[in-house]
1. Applying the selection to region 273-309, what residues are surrounded by fewer than 24 Cβ atoms within 10 Å (Cβ to Cβ) and more than 28 Å from GLU337 (Cβ to Cβ)?
2. Output the number of residues of region 329-365 satisfying the condition of being assigned to a helix (DSSP H, G or I) and open to solvent by less than 30 Å² (accessible area, probe 1.4 Å).
3. Wholly within region 97-173, which strands (runs of 3 or more DSSP E) include no fewer than the required count, namely at least 1 residues that are acidic (Asp, Glu)?
4. If we keep just the residues of region 206-217 that are of a type outside the set (Gly, Ala, Ser) and modelled with pLDDT under 95, which is least open to solvent (accessible area, probe 1.4 Å)?
5. Taking interchain pairs and intrachain pairs at least six residues apart, which have beta carbon atoms under 9 angstrom, with the first residue in region 345-363 and of a type in the set (Phe, Trp, Tyr) and the second crowded, with 16+ Cβ neighbours inside 10 Å and assigned to a helix (DSSP H, G or I)?
6. Looking at this structure, is GLY257 part of a loop (DSSP other than H, G, I, E, B) and among the small types (Gly, Ala, Ser)?
7. For region 223-249, which positions are open to solvent by less than 30 Å² (accessible area, probe 1.4 Å) and in contact with a Leu (Cβ under 7 Å, 6 or more places away or on another chain)?
8. Please count how many residues of region 56-95 are without any contact (Cβ under 8 Å) to a residue 40 or more places away in the chain and part of a loop (DSSP other than H, G, I, E, B).
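The values are calculated or read from the model by the stated rules, or taken from the named source; none is laboratory data. This is a predicted model, so every value here is computed, not measured. Ideal geometry is used to build each Cβ from the backbone, glycine not excepted, and the neighbour counts take in all protein chains shown. With ligands, DNA and RNA removed, areas are computed over all heavy atoms of the protein, side chains included. Shrake-Rupley method; radii C 1.70, N 1.55, O 1.52, S 1.80 Å.
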Amino acid sequence: MTAGLAGCITGDSSSSDSSGGDSGSEGGDSGGDGSSEQSYDFDPSNPTFPQPMQALIQTGFETGSLSDLENMEERDEPRYGDPVQETPSDEGELLDPDKLAFAMTPTEDPAAYRTTMQPLMDNIAEETGKEVEYFPLQSYASQVEAMRSERLHVAGFSTGPTPFAVNLAGAVPFSLQVSEEGDFGYRLWLATQADNDEINALGDLEGKRVAHSEPSSNSGNQAPRALFANQGVVPGEDYEVAYSGGHEQSILGVANGDYDAAPVCSTCVTRVANSGNLDPSKIKVVWASNPFPTTSFTYRYNLTPEIQEGVRAAFLDYDYSDTEIAETFEGRGKFTEIDYATAYDIILQIQENNGVEYETGNLGE
């Protein structure tokens with residue numbers, strides 16, 4: 001459970017969360033076989049399936065887009081857990097610290113992002129009139145506890161821990177990082193062989209042998225178990241689950257005919273195709289999820305309205321595309337506004353299905 005919640009809500013060796021997601025090549029117009037010259041009739045704003053994997057790569061459908069955020073079904077309340085807390089109306093309950101503490105999602109080197117995020121911290125200071133200090137933390141649990149105890153005021157929480165921060169620490173997720181083109185996150189794709197006439201939709205998996213990556217992986221196991229079950233297909237009951245050991249092993253196993261199909265992290269398998277190890281024209285995708293959000297940027301709910309407004313402005317009113325922020329996070333140098341209940345609904349579906357209890361002990365180290 002904790003492995004699945006850590007990082008970008010994956011436990012896969014093929015993924016990383018220093019940028020807040022299973023981040024891979026942006027756009028990705030070239031497959032290893034040179035088939036990118038072929039033209040496909042695929043509209044990312046109105047996707048239909050099945051589709052050749054190459055068509056999805058050509059159109060950048062391995063990541064989400066601003067239009068995806070805009071088109072998500074709006075939710076007044078989160079489907080699971082508590083809603084974001086409202087700013088207190090009683091001035092006595094407001095928090096007005098002399099210094100604002102800022103932290104990014106924990107890494108092996110807790111201070112790794114101190115220099116990277118300096119342009120953002122400078123703008124927070126300018127917009128709020130408060131000194132801003134970087135607050136290095138060594139675990140997801142310690143990050144949540146620091147905000148809960150009002151020692152941490154502004155933070156980037158990884159995908160899985162974000163609902164913990166909302167439910168336990170009074171965090172208000174308000175923004176995600178995006179590229180200049182508006183790309184963010186990754187998707188879950190259900191892939192099979194292009195010439196497999198028996199599988200053209202999620203419901204066609206009955207009786208088939210399907211590769212999940214590994215038990216602790218969210219995007220390769222826990223997410224499909226939750227999202228597929230919500231669509232009426234129960235892994236392990238409606239089809240046989242075979243653990244491949246990773247997303248690359250899953251997609252190569254599908255290509256070689258070892259498995260009938262596999263749910264895979266879109267950016268992970270796009271990297272395999274772009275490296276020349278997979279011919280994406282030989283693979284088709286028969287189902288795709290909404291994009292998974294990456295690191296959420298948050299502030300504590302009881303900061304004064306003036307501080308909240310300044311923090312939001314420092315993220316949303318500036319372009320960091322020419323700074324080290326974009327260099328470090330694969331071109332994602334802008335921030336876009338989000339609604340927690342809406343943007344994180346796909347994550348809350350997974351956590352509800354997995355019976356996640358919002359206790360710091362479930363976050364792991």
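1. Answer for region 273-309, where residues must be surrounded by fewer than 24 Cβ atoms within 10 Å (Cβ to Cβ) and more than 28 Å from GLU337 (Cβ to Cβ): ASN274, SER275, GLY276, ASN277, LEU278, ASP279, SER281, LYS282, VAL286.
2. Residues flagged as assigned to a helix (DSSP H, G or I) and open to solvent by less than 30 Å² (accessible area, probe 1.4 Å) within region 329-365 amount to 10.
3. Numbers: elements: 99-103, 131-134, 154-157.
In region 97-173, the matching strands (runs of 3 or more DSSP E) lie at 131-134.
4. GLU214
5. As it stands, the answer is TYR358/PRO163; TYR358/PHE164; TYR358/VAL166; TYR358/ASN167; TYR358/LEU168; TYR358/GLN351, since those pairs meet every condition given.
6. yes
7. Once the filter is applied, which keeps residues that are open to solvent by less than 30 Å² (accessible area, probe 1.4 Å) and in contact with a Leu (Cβ under 7 Å, 6 or more places away or on another chain), region 223-249 yields ALA223, PRO224, LEU227, PHE228, VAL233, TYR239.
8. 3
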